[in-house]
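Student: Here it is: the structure, laid out below.
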Amino acid sequence: MPQKFTLFLLLSANLLFCQDLYVGDNSYLYSRDIAIFVNDDIRLETESSNFYLRGDAQLLQNTDTKNSDAGELSIYQDQNTDVYEYNYFCSPVGVSVDGTTKANVNFNGSNIHDPADDTDLTNVSSSAYQFTSAYEGTATELSNYWLYTLKDAEGFWSWKQIFDTGDAGTGYGFTLKGSPNVNNVLDFRGRPNTGTITISCAFDGVDDQPSSGTANTAETLTGNPYPSALDLKLFIIANTGVIDGGTAATTVISGDIFFWEQKQTNSHYLEYYQGGYGTYIPGPLGDLMDNGTYTSAAFENYNGDGSVNGTTSGNTTDFSGNNQRRFAAVGQGFVIQSNGLGGNVVFENSMRLFLPEDSTTSGSGSIFWKNNKSKTKSTKNEIVAMSHNGIDYKTILNNPAKIPEIRLHTHIDNTFFKENVIAFRESTPDNYKYNRFFDGININELSSDAYLISDEKELVIKSINYDETTRLPLGLKASKDNTEFKIEIHKIKNIPQNVNVYIFDNLDNSYTDVKNGTFDITVDEGVYNDRFEVTFAKSVLSIGNETETFANFEIFQNNTISQLKLNNPNNLSIKCIQVFDVSGKQVLTEHINSDNNQFYFSTKSFSDGVYVVKIKSSNQQSFTKKIMVRNK
């Protein structure tokens, strides 16, 4: 029969292993800065059976056997130092229930405790946090008004208020505003989550809120549900179909993960919120040495219905230098998006690892965002990462795949910067298509914006197999006349010295070197998705065949009927046509996206003169020819 025990573990080892873990009545287990690995389940027999994780200590489990009984695990996480801004959380524990065995249990506000002294790592005393119904928390109370969940959401009105008494199912995230206490620490106490956890991110096929959120998709607030770090790349792999490179039957999530951050504005009114979602994509699923790519977001303002009103100054935190934000710390919440109709999303113990939290931009650890310092922990010179899943995290952390990247910053109206990332990945399937896992969707709906484009999707991250001839469409959106855009390179990482970067303007056929300068343009209200490109070489608007792709392709101008005709005998996939006058002004642009063998365009509105017709194929090859227009 198992014996109760009291065990006190300090810095003498990095790992404690046991087959099963049993803590009896009036007993406890204390771990500081140590990874505890339990192969099967944990039994915390009574309300006085406790398990304390302090400093960098984390808990890993292997099998899908769930934990049992009325005792509690205790683990710390910080929150924002301010009563006005949200954190997105996901609890690592649920409400312990005596007699309920081998099951994960739901979370509610009773799982949040207030440590007697969080600066003392030997402290194990805490009391249940008190909640107030007022909008603002106090030094001793948290506001229960701001606890919300988001499940299978089609827009802003899908947020559900749960207060401190409502349940959030295991694996579902919740929002909570901060405390006036500096570096306020929450003690999550309850039955530790483990094993396979299933949540829903499902779209019902009818978008009930088309003006809010991403059209025809569902979004769910989830997060890291375990008392250990979580590998987000493995999470995406497990929810991706085999046909797409994952291990699931079907692909249920988009492949992007979104992290909320909020600027301090001292207001609870939605119209005064300033926040945005940073984006993580995993890169090629078959290459675990590639940490993926993370891009920060510009802060934006919101209307009362949750739609975007405008933009403001500032950006979310750039965590790209910290393993591209691949590893989520204990308690970190994030938003996922359905792929099509989506479905059930799973977390598994194989995604877990021991990786101490280091929520700094240049660190190397698991990340939890808050507007203050990391939680109290011991200082170590060596980063130790461990898991039972067979992955060599030591090599990943110390020698990850070097992904060259260009971080473009567009300064819009001298107010805020929009970041777009071009990542050089040799395994990119197609430079001119949207590639799931390689490219990141532009989820933040800015009134004035800058973004990359593939397959008519707006992107914040675009991966390419670098070739000097690659040309990437760049879209600009202006909410009013005389909007100024200044585009420059913010950061270059591992890019060869001989790689050049230009912004090409189709209107005047100009190339601006943004590696050594700034592209500065002012435009009137409108959307400019066909005018600008990011290129890696200068070229002039030449006349005649530019590639063998267009063999036998012909352009004719019939002035008798004022009609431009394209002959496409090889049924090439044609993306678009652009026509320029001799000054370089674009007088016609039209998306074709067809492989028909003939196309016709009216030239009745053209003035007499010489024009240059430019045809672009779906693989971004181009063909140009001069024509003479004489309208009778």
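The values are calculated or read from the model by the stated rules, or taken from the named source; none is laboratory data. Everything numeric here is computed off the predicted structure, so don't read it as measured data. All Cβ positions, glycine included, derive from the backbone under ideal geometry; neighbour counts span all protein chains shown. Side chains included, ligands, DNA and RNA excluded: accessible areas come from the protein's heavy atoms. Shrake-Rupley method; radii C 1.70, N 1.55, O 1.52, S 1.80 Å.
Student: Suppose we filter the stretch 412-431 for residues that are more than 21 Å from Ile243 (Cα to Cα), buried (at least 18 other Cβ atoms within 10 Å of the Cβ) and not hydrophobic (A, V, I, L, M, F, W, C); how many remain?
Tutor: Our first condition is that a residue be more than 21 Å from Ile243 (Cα to Cα); within the stretch 412-431, this holds for 412-424.
Adding the requirement that they be buried (at least 18 other Cβ atoms within 10 Å of the Cβ) leaves 412, 416-424.
Imposing the further condition that a residue be not hydrophobic (A, V, I, L, M, F, W, C) reduces the set to 418-420.
Looking only at that region, the number is 3.
Student: In addition: Please go through the stretch 42-85 and pick out each residue that is open to solvent by 10 Å² or more (accessible area, probe 1.4 Å), over 30 Å from Ser267 (Cα atoms) and of a type in the set (Phe, Trp, Tyr).
Tutor: Result: Tyr52, single match.
Student: Restricting to the stretch 238-273, what's the tally of residues that are surrounded by fewer than 21 Cβ atoms within 10 Å (Cβ to Cβ) and in contact with an Asp or Glu (Cβ under 7 Å, 6 or more places away or on another chain)?
Tutor: So the answer is 2.
Student: OK, next. Looking only at the stretch 237-250, decide whether some residue is under 22 Å from Ser387 (Cβ atoms) and part of a strand (DSSP E or B). Reasoning before the result, please.
Tutor: So the first thing to find is which residues in the stretch 237-250 are under 22 Å from Ser387 (Cβ atoms), and the list is 237-240, 245-248.
When the remaining residues are screened for being part of a strand (DSSP E or B), the result is 248.
Yes; the residues of the stretch 237-250 include at least one that is under 22 Å from Ser387 (Cβ atoms) and part of a strand (DSSP E or B).
One line per residue, one yes/no per condition, for (1) under 20 Å from Phe174 (Cβ atoms); (2) aliphatic (A, V, I, L, M); (3) in contact with a Ser or Thr (Cβ under 7 Å, 6 or more places away or on another chain):
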{"site": "Ser68", "(1), (2), (3)": "no, no, yes"}
{"site": "Glu72", "(1), (2), (3)": "yes, no, yes"}
{"site": "Gln77", "(1), (2), (3)": "yes, no, no"}
{"site": "Asn80", "(1), (2), (3)": "yes, no, no"}
{"site": "Ser91", "(1), (2), (3)": "yes, no, no"}
{"site": "Gly94", "(1), (2), (3)": "yes, no, yes"}
{"site": "Gly99", "(1), (2), (3)": "no, no, no"}
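Student: Residue by residue through the stretch 103-139, note down the ones that are of a type in the set (Gly, Ala, Ser), assigned to a loop (DSSP other than H, G, I, E, B), open to solvent by 40 Å² or more (accessible area, probe 1.4 Å) and closer than 20 Å to Ser48 by Cα. Lay out the reasoning, then the answer.
Tutor: Taking the stretch 103-139 as the starting set, the residues that turn out to be of a type in the set (Gly, Ala, Ser) are 103, 109-110, 116, 125-128, 133-134, 137, 139.
Remaining after also requiring assigned to a loop (DSSP other than H, G, I, E, B): 103, 116, 125, 133-134, 137, 139.
Still in the running and open to solvent by 40 Å² or more (accessible area, probe 1.4 Å): 116, 125, 133-134, 139.
Selection gives Ala116, Ser125.
Student: A follow-up question, please. Within the stretch 543-556, is even one residue part of a loop (DSSP other than H, G, I, E, B), aliphatic (A, V, I, L, M) and either surrounded by fewer than 17 Cβ atoms within 10 Å (Cβ to Cβ) or modelled with pLDDT of 90 or more (or both)?
Tutor: yes
Student: Give me the residue from the stretch 434-466 that is under 15 Å from the mean Cα position of the chain (by Cα) and of a type in the set (Lys, Arg) and, out of that set, farthest from Ile257 (Cα to Cα).
Tutor: Only one residue fits best here, namely Lys462.
Student: Next question, about the same structure. Restricting the search to the stretch 487-501, which residues are outside any loop (DSSP other than H, G, I, E, B) and either of a type in the set (Asp, Glu) or open to solvent by less than 60 Å² (accessible area, probe 1.4 Å) (or both)?
Tutor: Matches in the stretch 487-501: Ile487, Glu488, Ile489.
Student: Within the stretch 617-632, track down each residue that is touching a helix residue (DSSP H, G or I) at 6+ places or on another chain (Cβ under 9 Å) and not in a loop (DSSP other than H, G, I, E, B).
Tutor: Ser617, Ser622, Phe623
Student: Report yes if Gly223 is more than 23 Å from Phe438 (Cβ to Cβ) and open to solvent by 10 Å² or more (accessible area, probe 1.4 Å), otherwise no. Don't jump to the end; show me each part of the working.
Tutor: Values: more than 23 Å from Phe438 (Cβ to Cβ): yes; open to solvent by 10 Å² or more (accessible area, probe 1.4 Å): no.
Considered against the rule, which asks whether it is more than 23 Å from Phe438 (Cβ to Cβ) and open to solvent by 10 Å² or more (accessible area, probe 1.4 Å), Gly223 comes out as no.
Student: Name the pairs whose Cβ atoms lie under 8 Å apart, with the first residue in the stretch 360-385 and within 17 Å of Leu15 (Cα to Cα), the second at pLDDT 65 or above and surrounded by fewer than 17 Cβ atoms within 10 Å (Cβ to Cβ), and 6 or more positions between them or separate chains?
Tutor: Matching pairs, first to second residue: Val384/Asn14; Ala385/Lys394.
Student: Shifting gears a bit: What is the residue count in the stretch 428-453 for residues that are modelled with pLDDT of 95 or more, of a type in the set (Gly, Ala, Ser) and either more than 18 Å from Pro282 (Cα to Cα) or in contact with a Gly (Cβ under 8 Å, 6 or more places away or on another chain) (or both)?
Tutor: Total satisfying the criteria: 1.
Student: Right, something else. Kindly provide the set of residues from the stretch 86-101 that are small (Gly, Ala, Ser) and buried (at least 24 other Cβ atoms within 10 Å of the Cβ), ordered by number.
Tutor: Ser91, Gly94, Ser96
Student: If you scan the stretch 445-486, which residues turn out to be in contact with a strand residue (DSSP E or B) (Cβ under 6 Å, 6 or more places away or on another chain), part of a loop (DSSP other than H, G, I, E, B) and over 17 Å from Pro429 (Cα atoms)?
Tutor: Listed by number, the residues that qualify are Glu445, Leu446, Ser447, Ser448, Asn482.
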